[in-house]
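Chemist: Below you'll find the structure I mean.
The values are calculated or read from the model by the stated rules, or taken from the named source; none is laboratory data. These numbers come from a predicted model, not from an experiment. With ideal geometry, Cβ positions are generated from the backbone for all residues, glycine too; neighbour counts draw on all protein chains shown.
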Amino acid sequence: MAATITIQIVGAESDNRDVRFSELITQLEAVKLALKETEVCLQDGAKTFTALDYRVIDLTHSSPSQFELQPITEKGNRDYANRVLKTFTTELRRIRNHSRLVARPEINRLIAYDEIGPRKKSRVDEVRITLRERDVNRPIAPRKATVDKKFKEKLEIILGPDEITYGAISGRLEYVNVHNTRNFRLYPLIGPRWIRGRFTEDLLPEIRKGLDRRVTIFGKLLFKSWDKHPYAIVAQTIDVHESDNELPTFNDVKGIAPDLTGSVRSSDWVRKIRDEEW
């Protein structure tokens with residue numbers, strides 16, 4: 001039978017453990033993203049795949065609010081769905097109890113975990129995520145993972161401090177957010193799946209110009225000691241590349257410098273360069 005996870009969101013004591021509407025949405029989105037990043041891990045970093053969807057099969061409000069989610073497994077991927085939930089909850093427990101992971105570290109997965117539970121200026125004290133496995137032959141005890149301040153301290157140890165350098169990254173600029181912030185995502189052709197970025201207001205015109213286009217961004221790069229690729233960039237300048245249909249063709253450059261070889265025939269000029277280099 002398909003496993004499920006139960007999510008309990010515990011609000012601040014000053015709110016009688018109730019959860020504010022905006023916090024509820026933020027926490028559910030954070031869990032959804034963390035589940036997807038768990039799938040990325042199980043898919044060995046695949047950049048494109050169809051992530052699982054979930055149905056809400058139980059919903060209660062008894063301070064704390066509680067949701068029970070079940071993966072939709074209409075295509076016969078029940079074993080895979082169970083593995084996703086088990087890997088997700090096991091890793092959360094292992095982080096909190098032992099400061100360890102169940103798979104190799106990957107920055108987007110770890111940052112997704114960090115978005116769950118208490119954060120700066122949030123009014124959520126903790127999030128409890130319980131795995132409920134079902135077996136017709138034997139009972140299986142639920143296993144609970146708690147994301148609280150202790151979890152965040154252990155996760156911070158795993159993440160480690162940032163290492164900073166300056167450089168440039170090229171990729172496709174997507175997902176720009178200017179609502180009370182200045183963030184974007186850059187999707188390089190090689191390396192990490194995507195890189196998070198921040199920019200100042202003066203770069204907004206160039207960011208808008210480069211949206212959904214190839215760009216090269218120069219700025220402050222942030223690394224972790226255990227990863228060879230940067231995970232973030234603070235943009236200082238942005239160079240928007242021409243689209244393919246704006247680039248010159250061979251016909252466009254034909255005859256662009258008719259006097260380049262002087263009185264020497266072009267074939268002799270090319271032969272002379274070739275012979276000198278070899």
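Chemist: Quick one: what pairs do we get from the stretch 164-186, first residue in contact (Cβ under 8 Å) with a residue 40 or more places away in the chain and at negative phi, second among the charged types (D, E, K, R) and assigned to a strand (DSSP E or B), C-beta under 7 Å, 6+ apart or different chains?
Modeler: The qualifying pairs are Ile164/Lys220; Tyr166/Lys220; Ser170/Arg214; Arg172/Arg214.
Chemist: Another question, then. In the set Ala168, Ala112, which member is crowded, with 17+ Cβ neighbours inside 10 Å and of a type in the set (Gly, Ala, Ser)? Walk me through it before giving the result.
Modeler: Values: Ala168 fails: crowded, with 17+ Cβ neighbours inside 10 Å.
From the options Ala168, Ala112, the qualifying one is Ala112.
Chemist: If you don't mind, another one. If I ask for residues that are surrounded by 11 or more Cβ atoms within 10 Å (Cβ to Cβ) and either in a loop (DSSP other than H, G, I, E, B) or at pLDDT below 90 (or both), which ones from the stretch 179-199 would you list?
Modeler: Answer for the stretch 179-199, where residues must be surrounded by 11 or more Cβ atoms within 10 Å (Cβ to Cβ) and either in a loop (DSSP other than H, G, I, E, B) or at pLDDT below 90 (or both): Arg182, Pro188, Gly191, Pro192, Arg193, Trp194, Phe199.
Chemist: Pull up the stretch 42-82, narrow it to residues that are of a type outside the set (A, V, I, L, M), within 21 Å of the chain's Cα centre (by Cα) and farther than 25 Å from Ile157 by Cβ, then point me to the one that is surrounded by the fewest Cβ atoms within 10 Å (Cβ to Cβ).
Modeler: Residue satisfying both the conditions and the ranking: Thr48.
Chemist: Regarding Leu203, is this residue touching a strand residue (DSSP E or B) at 6+ places or on another chain (Cβ under 7 Å) and in a helix (DSSP H, G or I)?
Modeler: Criteria met by Leu203.
Chemist: All but one of (1) surrounded by 10 or more Cβ atoms within 10 Å (Cβ to Cβ); (2) not in a helix (DSSP H, G or I) hold for Trp269, so report the exception by its number.
Modeler: (2)
Chemist: Among the residues of the stretch 125-132, is there at least one that is in contact with an Asp or Glu (Cβ under 9 Å, 6 or more places away or on another chain) and within 18 Å of Gln43 (Cα to Cα)?
Modeler: no
Chemist: State which residue pairs qualify: first residue under 24 Å from Lys224 (Cβ atoms) and inside the stretch 196-210, second residue hydroxyl-bearing (Ser, Thr, Tyr) and surrounded by 13 or more Cβ atoms within 10 Å (Cβ to Cβ) in any location, beta carbons under 9 Å apart, and separation of 6 or more residues or different chains.
Modeler: Arg196/Tyr231
Chemist: Given the condition outside any loop (DSSP other than H, G, I, E, B), over 21 Å from Ile95 (Cβ atoms) and touching an Asp or Glu at 6+ places or on another chain (Cβ under 9 Å), answer yes or no: does some residue in the stretch 133-153 qualify? Break it down stepwise before answering.
Modeler: At the first step, the residues of the stretch 133-153 found to be outside any loop (DSSP other than H, G, I, E, B) are 143-147, 149-153.
Checking which are over 21 Å from Ile95 (Cβ atoms) leaves us with none.
There is no residue in the stretch 133-153 that is outside any loop (DSSP other than H, G, I, E, B), over 21 Å from Ile95 (Cβ atoms) and touching an Asp or Glu at 6+ places or on another chain (Cβ under 9 Å).
Chemist: Restricting attention to the stretch 1-21, and to residues there that are exposed (fewer than 14 other Cβ atoms within 10 Å of the Cβ) and touching a Lys or Arg at 6+ places or on another chain (Cβ under 9 Å), which single residue is nearest to Glu133 (Cα to Cα)?
Modeler: Filtering the stretch 1-21 for residues exposed (fewer than 14 other Cβ atoms within 10 Å of the Cβ) gives 1, 13-14, 16, 21.
Filter once more, keeping what is touching a Lys or Arg at 6+ places or on another chain (Cβ under 9 Å): 1, 14.
Details: Met1: 8, Ser14: 35 Å.
The selected residue is Met1.
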